[in-house]
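All remarks here apply to the structure that follows.
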Amino acid sequence: MSDLIAYYTAHSDMVFTAIQEHILISLTAVCFGFLVASPAGIALTKHPRTAAIVLGFFSAVNTIPSIVLLGVAMMILGIGFWPSTAVLFLYSLLPIMRNTYTGITGVDEKYIKAARGMGMSRVQILTKVQIPLALPVIIAGIRLSAIYIISWATLSAFIGAGGLGDLIWMGLQSYNFNLVLCGAIPATLLALAASGLLTFAENMASRTLHRGGDAA
């Protein structure tokens, strides 16, 4: 452990740069995934048959090994940040889309009927009733997506995107296990931090929802 701490101290600039790159890759992929998958999940609630096809397709995409998609992206888009982000973006879609769809379709019909009785439009029902009630489930989807992407982003090193995967790969090539750990430990901590923050947000949304239900 003392050797690892000494090695980390001596190479802290390199590790910090890799952490920044890793966060940027992961955050960009998850943010773009949310911007696409969340509206798509909402739209699919109106078309259950199409939802089964679309969700089935992205489930199949997620079974493709990430190294295969990274290779395809490299052949089409070249190497670097954007090809890697494009692949991770594809992987980020399913958890968010599926949870958005599941959360909204799982809203109790009595709340929708009550909203209609109050004269709300479809858009108002969606934005003021369905989405708030589905929010804990949606956040859970974002949490799963973030954990997956932070983990898979370590493979971005294979196509020159940088990040903590660079340290792991260089360490494996040179049999330098301190370097491997300098990449693996921060990647693990980033995934745990993202999970913790989003779990907190999920719990806060659930508590707010329960307080609202109790008040009603």
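For the stretch 27-42, indicate whether the set of residues that are among the polar types (S, T, N, Q) and loosely packed, with under 15 Cβ neighbours inside 10 Å is non-empty.
No, there is no match, as no residue in the stretch 27-42 is among the polar types (S, T, N, Q) and loosely packed, with under 15 Cβ neighbours inside 10 Å.
Please list, ordered by first then second residue, the pairs with beta carbon atoms under 6 Å, 6 or more apart or interchain, first in the stretch 103-119 and touching a residue at least 12 places away in the same chain (Cβ under 8 Å), second in a loop (DSSP other than H, G, I, E, B) and surrounded by 15 or more Cβ atoms within 10 Å (Cβ to Cβ).
Correct list of pairs: I104/T45; T105/T45.
What are the residue pairs meeting all of these: first residue in the stretch 23-37, first residue in contact (Cβ under 8 Å) with a residue 24 or more places away in the chain, second residue buried (at least 16 other Cβ atoms within 10 Å of the Cβ) and not in a helix (DSSP H, G or I), Cβ atoms under 8 Å, and 6 or more apart or on different chains?
Final answer for the pair search is I25/A161; I25/G162; I25/G163.
Examine the stretch 9-26 for a residue that is part of a helix (DSSP H, G or I), within 22 Å of F158 (Cα to Cα), open to solvent by less than 20 Å² (accessible area, probe 1.4 Å) and among the hydroxyl-bearing types (S, T, Y), and state whether such a residue exists.
Yes.
Report, by residue number, each residue of the stretch 172-197 that is of a type outside the set (A, V, I, L, M, F, W, C), closer than 18 Å to I25 by Cα and surrounded by fewer than 18 Cβ atoms within 10 Å (Cβ to Cβ).
Of everything in the stretch 172-197, those that are of a type outside the set (A, V, I, L, M, F, W, C), closer than 18 Å to I25 by Cα and surrounded by fewer than 18 Cβ atoms within 10 Å (Cβ to Cβ) turn out to be T188, S195.
How many residues does the stretch 43-53 contain that are buried (at least 18 other Cβ atoms within 10 Å of the Cβ) and among the small types (G, A, S)?
Of the residues in that region, 1 qualify.
Would you pick out the residues in the stretch 70-99 that are open to solvent by 30 Å² or more (accessible area, probe 1.4 Å), assigned to a helix (DSSP H, G or I) and under 21 Å from S156 (Cβ atoms)?
Of the stretch 70-99, the ones open to solvent by 30 Å² or more (accessible area, probe 1.4 Å) are 72, 74-77, 79, 81-82, 86, 89-90, 98.
If we keep only those that are assigned to a helix (DSSP H, G or I) too, we end up with 72, 74-77, 81-82, 86, 89-90, 98.
Once the filter is applied, which keeps residues that are open to solvent by 30 Å² or more (accessible area, probe 1.4 Å), assigned to a helix (DSSP H, G or I) and under 21 Å from S156 (Cβ atoms), the stretch 70-99 yields V72, M74, M75, I76, L77, F81, W82, A86, F89, L90.
A quick yes/no check of all residues on (1) within 25 Å of M97 (Cα to Cα); (2) outside any loop (DSSP other than H, G, I, E, B); (3) of a type in the set (D, E, K, R); (4) in contact with a Pro (Cβ under 6 Å, 6 or more places away or on another chain):
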{"position": "I125", "(1), (2), (3), (4)": "yes, yes, no, no"}
{"position": "I131", "(1), (2), (3), (4)": "yes, yes, no, no"}
{"position": "L135", "(1), (2), (3), (4)": "yes, yes, no, no"}
{"position": "G141", "(1), (2), (3), (4)": "yes, yes, no, yes"}
{"position": "G162", "(1), (2), (3), (4)": "no, no, no, no"}
{"position": "M170", "(1), (2), (3), (4)": "no, yes, no, no"}
{"position": "Q173", "(1), (2), (3), (4)": "no, yes, no, no"}
{"position": "A201", "(1), (2), (3), (4)": "yes, yes, no, no"}
{"position": "R207", "(1), (2), (3), (4)": "yes, yes, yes, no"}
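Residue by residue through the stretch 17-61, note down the ones that are of a type outside the set (A, V, I, L, M), in contact with a helix residue (DSSP H, G or I) (Cβ under 9 Å, 6 or more places away or on another chain) and more than 25 Å from P136 (Cα to Cα).
Across the stretch 17-61, the qualifying residues are E21, H22.
Just the residues that are open to solvent by 20 Å² or more (accessible area, probe 1.4 Å), modelled with pLDDT of 90 or more and of a type in the set (A, V, I, L, M, F, W, C), please, taken from the stretch 156-169.
Of everything in the stretch 156-169, those that are open to solvent by 20 Å² or more (accessible area, probe 1.4 Å), modelled with pLDDT of 90 or more and of a type in the set (A, V, I, L, M, F, W, C) turn out to be I168, W169.
Does the stretch 54-69 hold any residues that are in contact (Cβ under 8 Å) with a residue 12 or more places away in the chain and either surrounded by 15 or more Cβ atoms within 10 Å (Cβ to Cβ) or of a type in the set (S, T, N, Q) (or both), and which are they? Quick ask: steps written out before the conclusion?
Restricting attention to the stretch 54-69, the residues satisfying the condition of being in contact (Cβ under 8 Å) with a residue 12 or more places away in the chain are 54-55, 58-59, 61-62, 66-67, 69.
Matches in the stretch 54-69: V54, L55, F58, S59, N62, S66, L69.
Can you name the condition, by its number, that V107 falls short on among (1) aliphatic (A, V, I, L, M); (2) part of a helix (DSSP H, G or I); (3) surrounded by 18 or more Cβ atoms within 10 Å (Cβ to Cβ)?
V107 satisfies every listed condition except (2).
Among residues belonging to the stretch 73-102 that are of a type in the set (S, T, N, Q) and within 12 Å of A29 (Cβ to Cβ), point out the one that is nearest to the chain's Cα centre (by Cα).
S92
The values are calculated or read from the model by the stated rules, or taken from the named source; none is laboratory data. Since the structure is predicted, the reported quantities are computational estimates derived from the model, not experimental observations. Methodologically, a virtual Cβ is constructed for each residue, glycine included, from the backbone with ideal geometry; neighbour enumeration extends over all protein chains shown. In case anyone asks, the SASA skips ligands and DNA or RNA and just uses the protein heavy atoms, side chains included. Shrake-Rupley method; radii C 1.70, N 1.55, O 1.52, S 1.80 Å.
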